[in-house]
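Okay, structure first, notes after.
The values are calculated or read from the model by the stated rules, or taken from the named source; none is laboratory data. Everything numeric here is computed off the predicted structure, so don't read it as measured data. When we count neighbours, we look across all protein chains shown, and the Cβ atoms used for this are built from the backbone with ideal geometry, even at glycine.
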Amino acid sequence: MPTASNYQSGIVMILSPAKTLDLSPFDSDSTIMKDLEVTRPNCHDEQTRCIAQYMKQRSTNELAKLLSLSTTLAQTAASYWKAYDDETSSNNPQAKPCIFAFSGAAYQGLDISTCDNAALSYMQSCLRILDPLYGVLRPLDLIQPYRLEMATKNVILDAKKKSVKLSDYWKPAVTRRLSDELSQSSIILLNLASDEYSIAVDSSNLPEQTKYIKVVFHESNGKVVAVHAKRARGLMVRYLASVQATTVEEIQKFDLEGYAFQSNASDEITFVFQRQSTPVTASSKRTTATATKKPVAKRTRKAQD
């Protein structure tokens, strides 16, 4: 069975993080962790520290404005940053490996709790999560709860006190970190991240032999529906880990939840997957029901998550 330390793959996947977090206790002795150890983020500690120090100094009201949050979510964000330990994540009782902490749509599709040890080993070697606080994360990297997005403005200022985009701030370190791994064994960089996050990768500075492939997920009508596309990204990570994929051909065989590779709509740098029909879920039923209701006088503020 391949382990995270010796697995050689032809693929590195990149994925976005999630705003929604699962803060339930993590069991490091579970079967899925057999022969695996929790790791620590290793992209650029000093840049992480600079961002964290700035965020820790922000009041609840400032966080609400900075992150475009409701009062309730801003209070939660403030509690995260107050508890954040600059020295070591292990001092924070809510810290856990990021693959078990993130719980947005992509991670619901990935469903790490039902994966086996071999799949997690593969992910530890082949999955990298682009992150606004940590830069690049491996699945078992220990993180502390936080609230931040790559698109958040006015966190980092340059010498002229001008705001620097977090994607630009992280781009050199993220690209260097990915390049180090791609030059070792992998030649395919599979982009399963949203544009907001993948922009932190400078594809022009990746190793020359790298095949940089973006994946797009279409519904039966040929359109991209964000919530379904996010879930599909996680599904693809799960699938590739389950088959221990190393080639383009194995990527193209992805078929979970009715998706199929569309050769006519794809090219060497963009793989398009489309499914025959969109599954009816509880959330889609609620959306349909809501659409049939009579309009109300006032529109409520959109949920943040």
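Suppose we filter LEU73, LEU23 for residues that are within 30 Å of LEU157 (Cβ to Cβ) and either in contact with a strand residue (DSSP E or B) (Cβ under 9 Å, 6 or more places away or on another chain) or in a helix (DSSP H, G or I) (or both); which single one remains?
Working: LEU23 fails: within 30 Å of LEU157 (Cβ to Cβ).
On inspection, the qualifying residue turns out to be LEU73.
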Looking at the stretch 244-271, which of its residues are of a type in the set (A, V, I, L, M) and buried (at least 18 other Cβ atoms within 10 Å of the Cβ)? ALA245, ILE251
So which residues in the stretch 205-237 are surrounded by 17 or more Cβ atoms within 10 Å (Cβ to Cβ) and among the hydrophobic types (A, V, I, L, M, F, W, C), if there are any at all? LEU206, ILE213, VAL215, PHE217, ALA229, ALA232, LEU235, MET236, VAL237
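Name the residue that is surrounded by the fewest Cβ atoms within 10 Å (Cβ to Cβ), counting only residues in the stretch 195-204 that are in contact (Cβ under 8 Å) with a residue 60 or more places away in the chain and under 22 Å from VAL248 (Cβ atoms).
First pass over the stretch 195-204, keeping only residues in contact (Cβ under 8 Å) with a residue 60 or more places away in the chain: 196-198, 200-201.
Narrowing the set further to residues that are under 22 Å from VAL248 (Cβ atoms) leaves 198, 201.
Numbers: SER198: 21, VAL201: 25.
Selected residue: SER198.
Take the residues in the stretch 65-88 that are of a type in the set (Ser, Thr, Tyr) and surrounded by fewer than 20 Cβ atoms within 10 Å (Cβ to Cβ), then tell me which one is nearest to THR48 (Cα to Cα). Before you say what the answer is, go through the steps one by one.
Let us first name the residues in the stretch 65-88 that are of a type in the set (Ser, Thr, Tyr), namely 68, 70-72, 76, 79-80, 84, 88.
Now narrow it down to the ones that are surrounded by fewer than 20 Cβ atoms within 10 Å (Cβ to Cβ): 68, 70-72, 76, 79, 88.
Numbers: SER68: 21, SER70: 25, THR71: 26, THR72: 25, THR76: 20, SER79: 18, THR88: 12 Å.
Among those residues, the one meeting the criterion is THR88.
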Say whether the condition of being surrounded by fewer than 19 Cβ atoms within 10 Å (Cβ to Cβ), touching a residue at least 24 places away in the same chain (Cβ under 8 Å) and touching a Gly at 6+ places or on another chain (Cβ under 8 Å) is met by at least one residue in the stretch 157-171. no
Those helices (runs of 4 or more DSSP H) lying entirely in the stretch 149-266 with at least 1 residues in contact with a strand residue (DSSP E or B) (Cβ under 8 Å, 6 or more places away or on another chain) and among the aliphatic types (A, V, I, L, M): 166-184, 226-242, 248-252
Applying the selection to the stretch 90-103, what residues are in contact with a helix residue (DSSP H, G or I) (Cβ under 7 Å, 6 or more places away or on another chain), crowded, with 20+ Cβ neighbours inside 10 Å and of a type outside the set (Val, Ile, Thr)? ALA95, PHE100
Of these, ASP45, ASP29, which one is under 19 Å from PRO93 (Cα atoms) and acidic (Asp, Glu)? ASP29
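So, in the stretch 30-63, how many residues would count as being small (Gly, Ala, Ser) and loosely packed, with under 14 Cβ neighbours inside 10 Å?
Applying the first criterion (small (Gly, Ala, Ser)) to the stretch 30-63 yields 30, 52, 59.
Then drop every residue that is not loosely packed, with under 14 Cβ neighbours inside 10 Å, which leaves 30, 59.
Residues in the stretch 30-63 being small (Gly, Ala, Ser) and loosely packed, with under 14 Cβ neighbours inside 10 Å: 2 in total.
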Exception for GLU181 within (1) of a type outside the set (S, T, N, Q); (2) free of Cβ contacts under 8 Å to residues at least 40 places away in the same chain; (3) more than 18 Å from TYR107 (Cβ to Cβ) falls at (2)
Exception for ALA241 within (1) surrounded by fewer than 22 Cβ atoms within 10 Å (Cβ to Cβ); (2) among the hydrophobic types (A, V, I, L, M, F, W, C); (3) modelled with pLDDT of 95 or more falls at (1)
Which one of the conditions (1) out of contact with any strand residue (DSSP E or B) (no Cβ under 9 Å at 6 or more places or on another chain); (2) crowded, with 18+ Cβ neighbours inside 10 Å does ILE143 fail to meet, given that it meets all the rest? (1)
